[in-house]
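What follows is a set of notes on a single structure, which appears directly below.
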Amino acid sequence: MPTIAIVDGYSTGSALSRALAERGVTCVHVRSGESLYDYYLKTFRPGDYAVDLGFVADEDRLVDRLRALGVDRVVAGTEPGVVLADTLNHLLGTPGNDIATVTARRDKSAMAATVAAAGLAVPAGRCFESVDQAVAWYATSLSGPAVVKPVDGAGTDNVRFCESLDEVRLACATVLASVNLYGVPNRRVLVQERLVGTEFYVNTVSYAGRHRVAEIWRYTKRPGPGGGPIYDYEEPVDRGSALARQLREFVFGVLDALGVRSSAAHTELMLTDRGPVLIEAGARLGGATLPDVVAKFCGVSQTFLQAQHLVDPASLDQFDDRTPGWAAAVRNVSLINPVPVAAQAGDWYARLSKLPAAVAIAARCSPGAELPQTVDLFSSPGYLYLAAEDPAEVERSYEMLRRWERHGLYGS
């Protein structure tokens, strides 16, 4: 069995460490920084690891420790670990991604430039270090609906939809005055055109430059009260469909351009009137997922496909990612708290389980504790999966949930 090092084994990285541990793999944990947002830390599973090296500031010392432990591969558990995982694979000589394009796999501005240079569509946009520069460019080059966000953020952290120069100015000032989820100050801000179309994400696993699609999902988002997007729900796209073939071809081109050769990847794109356009890509597993549930209804999940490939790299070539899947209508629904709650009700988690189509819930109820209004991914109370043979039953449960939320589901 191989020895696998996971950098920042949080969020879906915790599902990967569990899957590897269950397969008898020796896991080593590494932290990419001294501090991390509590949203990630609370998901950590220390029992999955034989060794937790923590944060090691000296890169040479870290490489020596990993060599001594016999590490065969390094993988990123979540977004902040991407650069360090790629760097460690390069220094160890273990299978990984192209080190020459490592910056483009985290910096959204460099990412767009690299993908555009490969002849693939990206949003019009620029990166700026000052509010005045950003506003001046917007006024002369865009002057329409825009998206403002940090260049190396995650989820919907400080993402804002803007319609006017004043909104762009405020959004840029907010980004540049804040730190990201990893405690790093935002030194630059990205201003891009706001794409119009249908949004998807494609979860893949790659080895030695060969890519396989594990999952494709269609996003539905809604404008949040703070001016940014909040997640509503997502539904799977059959891997055997004509739509999947179109998205696959585009995403594989993006992965090649970004030098994703041996890792999982989560790629977000918009299908517009001019075809697929990249939003962003992360060289790591997709988040906000329950791999067991996905595998139950799809036959595989990205997390389990990566775990199996890490145990047996040749198995990836044997995986047919064009076979139709999904044994039921499935919807992954984000919980949305419409107003701040001073004291949570003690029964709202139990009520969710009574939704007719509910099959799994990822949420934590803290009776009596405060619950913030949902303004982004990280202030959502959680998410749940709805599934049924009849899509109408899924829709009825979804509408019931939203009705409960509007009428104070989370409050006491």
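The values are calculated or read from the model by the stated rules, or taken from the named source; none is laboratory data. Here the structure is a predicted model, which means the values were calculated and not measured. When we count neighbours, we look across all protein chains shown, and the Cβ atoms used for this are built from the backbone with ideal geometry, even at glycine. All accessible areas refer to the heavy atoms of the entire protein, side chains included, with ligands and DNA or RNA removed. Shrake-Rupley method; radii C 1.70, N 1.55, O 1.52, S 1.80 Å.
Worth pointing out:
- Set against the 2.2 N^0.38 Å expectation for a compact globular protein, the stretch 303-386 has a Cα radius of gyration ratio of 1.53.
- With loop membership from DSSP and a limit of 13 other Cβ atoms within 10 Å, the longest segment of the chain without GluC sites (Glu not before Pro) is 164-369.
- Gap separating the Cα centres of the stretch 250-308 and the stretch 339-372, nearest whole Å: 30
- Summing charges over all other residues whose Cβ lies under 12 Å from the Cβ of ALA357, with Lys and Arg as +1 and Asp and Glu as -1, gives -2.
- Length released on extending from ARG67 to ALA208, taking residue separation times 0.36 nm less the Cα-Cα span: 48.6 nm
- Shown for the chain: lysine pairs separated by 8 or more places, or found on different chains, whose C-alpha atoms are under 29 Å apart, numbering 11.
- Relative contact order of the chain, taken over Cα pairs closer than 8 Å and 6 or more residues apart, is 14 percent.
- Pair ARG403, VAL311: separation of 7 Å Cα→Cβ label points (nm): 4.5
- Percent accessible area from carbon and sulfur atoms, the stretch 107-240, protein chains only, probe 1.4 Å: 50
- All C-alpha to C-alpha distances of the stretch 6-129, sorted into 10 Å bins beginning at zero, yield P(r) values of 12, 39, 31, 15, 3 percent in whole numbers.
- Taking the C-alpha atoms of the stretch 78-224, convex hull volume expressed per residue in Å³: 134
- Annotation: per residue accessible area for the stretch 64-218 equals 39 Å², rounded to a whole number [probe 1.4 Å, protein chains only].
- The stretch 85-110-the stretch 1-27 distance, computed between alpha-carbon centres (Å): 20
- Unit Cα scatterers, Debye sum, the chain: log10 I(q)/I(0) for q = 0.10, 0.11, 0.15 Å⁻¹: -0.69, -0.84, -1.57
- Computed over protein heavy atoms with a 1.4 angstrom probe, the accessible surface ordering of ASP273, ASP132, ASP98, largest first, is ASP273, ASP132, ASP98.
- Accessible surface computed residue by residue for the stretch 311-381, with neighbouring protein chains in place and a 1.4 Å probe, gives 47 Å² per residue.
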